[in-house]
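Data block below; observations after.
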Amino acid sequence: MNAVLLGYGTVGKGVERLCNQVADLNLTNVFVLPQFEDLPYFTNDGERIVTDPDTDIVFECLSGTEPANTLITKALEAGKHVITSNKAVVSPNLERYVELAKRYGGSIQIEASVAGGIPFLDAILKLQRLEEIDGYEGIFNGTSNYILDQMQKEGVALKDALKEAQKRGYAEADPTNDIEGIDVFYKTNITNMLAYQTKNDAILPPLGISKIDQKDIEYAKKNKKVIRHIARSIQKGNAFASVIAPAFLDEENYLANTPSNYNAQLLFANSFDQLGYFGQGAGQLATAQAMLANALDTMEHRERKIVLNNDKKVDNSILQEDWIVRSKKDLASLLPVRQENEYFLFEKKDPTFIATVQEIDPEAMIALWK
């Protein structure tokens, strides 16, 4: 089969490298942005290569939504098999991509868009053939996990842990998407659609880790807890709910023991109770490996089909959790079950509790207490 590659950054170069290890897969062109030189192998004409009759597979490794969305759309309308790692473009457009693939005879595969090299979405698509997925929770961002792990183990401030993460290449020069949970928001949205086989519906904005400081780390240690940034989601009947937030986890919790820049997830269903996954959630070859695994599925005609036939809606009331809040404001009106200096513990509140607290104190540190 002939393949083309969109984007020649870290992941794109990894895809190119692994393509050379796959027999019968011929990488013919690489699309780069116009400021780069246009050569026979490297081209600025993305539309031409994704619609070329000789192209079978399109690897998409661009950042952001454009020109990624336009080129993915053109490729699917031309009946191509599209494999993408771009969560920012998949999150708002997956429903439409699935319909285009069905209409024009191609396919859309997105394993690398969530959890990098961990076959998490593949597990969901496999397991749900027998039964519904009840929910999941996990660490989906290596940058925030590295920062929190360093704060916990080394006693450093968030800004210093961030600088080290940037030095090691774990964090971008602008780390906003990682620190504020936007990256995890995209991944949670994608996972919800696949796990619940549902069309898109708006989940609540994420809580990031920017409000966490050393006093929170010490409070966690005092209570035999470890702070991690997680996404948690459940479905019940025709509804689902998700929350993305820091979490004070018991020391023995599976996710609490995820070190450095690693990712980890748990899936929940009736027959197996829970299944755990652990590994590199990003990185050149880990992500490229997930994309090439999708390509091999295409070449061997055994792709796992994405089905979004349900129309489930978000109902935050089904997700009742305990919360810890650090605030200098008076939160007595919200009826905490316990107060210790600036820390307030609340029980059985759904995720809309976040906005309630933020109305009183926009600077409050808010986290799950598990």
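The values are calculated or read from the model by the stated rules, or taken from the named source; none is laboratory data. Bear in mind that the values here come from a model prediction, so they are computed numbers and not experimental data. Cβ: placed from backbone, ideal geometry, glycine included. Neighbour counts: every protein chain shown. SASA here: full protein model, heavy atoms, side chains in, ligands and nucleic acids out. Shrake-Rupley method; radii C 1.70, N 1.55, O 1.52, S 1.80 Å.
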Separation of the Glu342 and His301 label points, Cα + 7 Å toward Cβ, nm:
6.4 nm
Run a plain Debye calculation on the chain (Cα atoms as equal point scatterers, no solvent) and give log10 I(q)/I(0) at q = 0.07, 0.12 Å⁻¹, rounded to two decimals, same order as the q list.
-0.32, -0.89
Quick one: putting +1 on the C-beta of Lys and Arg, -1 on the C-beta of Asp and Glu, what dipole do you get for the chain around its Cα centre, in Debye to the nearest 20?
560 debye
Quick one: which residues, 5+ away or cross-chain, put their amide H under 5 Å from the amide H of Thr43? H built at 1.01 Å from N.
Val30, Phe31, Val32
How many angstrom lie between the C-alpha centres of segment 328-359 and segment 198-241?
15 Å
Could you tell me which residue out of Gln21, Ser271, Thr258 lies farthest along the dipole of the chain toward its positive end? Charges go on the beta carbon: Lys and Arg +1, Asp and Glu -1, centred on the Cα centre.
Ser271
Which order do Tyr186, Tyr254 take by accessible area at a 1.4 Å probe, largest first?
Tyr254, Tyr186
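Give me the percent of DSSP beta bridges within the chain that run antiparallel, rounded to the nearest 5.
On the way: 41 of 64 bridges.
So the antiparallel bridges amount to about 65 percent of the total.
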For Tyr219, tell me the accessible area in Å² from a 1.4 Å probe, rounded to the nearest 10.
20 Å²
Cα centroid separation, segment 121-184 to segment 45-61 (Å):
32 Å
Segment 126-276, dipole about Cα centre (Lys/Arg Cβ +1, Asp/Glu Cβ -1), debye to the nearest 20
60 debye
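With a/c under 1.5 counting as rounded, go ahead and sort segment 155-246 into rounded, prolate or oblate using the C-alpha gyration tensor (a ≥ b ≥ c being the square roots of the eigenvalues; past the cut-off, prolate if a/b is larger than b/c, else oblate).
Details: a/c = 3.20, a/b = 1.63, b/c = 1.96.
The shape class here is oblate.
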Please give me the summed charge of the neighbours of Gly116: other residues whose Cβ is under 14 Å from its Cβ, Lys and Arg +1, Asp and Glu -1.
-2
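How high is the FRET efficiency between Arg48 and Ser317 when r is their beta carbon distance and R₀ equals 56 Å, given to the nearest 0.05?
Numbers: r = 51 Å, r/R0 = 0.90.
So the FRET efficiency works out to roughly 0.65.
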Using the per-residue mean of other Cβ atoms lying within 10 Å as a proxy for protection, in what order, highest first, do the peptides 229-235, 179-185 fall?
229-235, 179-185
Measure out, as a whole number of angstrom, how far apart the alpha-carbon centroids of segment 69-107 and segment 276-295 sit.
20 Å
Hey, which lysines would be in cross-link range of Lys215, C-alpha to C-alpha under 29 Å, not counting anything within fewer than 8 residues on its own chain?
Lys153, Lys159, Lys163, Lys167, Lys224, Lys225, Lys328, Lys329, Lys348, Lys349, Lys370
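Dipole of segment 217-303, Cα-centred, from +1 at each Lys and Arg C-beta and -1 at each Asp and Glu C-beta, to the nearest 20 debye? Kindly include the intermediate steps, with their values, before the conclusion.
Details: 8 positive and 8 negative charges, 87 e Å.
About 420 debye.
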Hits for the chain under the membrane-span-like helix rule (DSSP H, Cα axial span at least 15 Å, Kyte-Doolittle mean at least -1.0) are 87-104, 182-195, 284-299
Quick note, segment 30-161: a/c under 1.5 would make it rounded; otherwise a/b > b/c is prolate and the rest oblate (a ≥ b ≥ c, C-alpha gyration tensor); here it is oblate
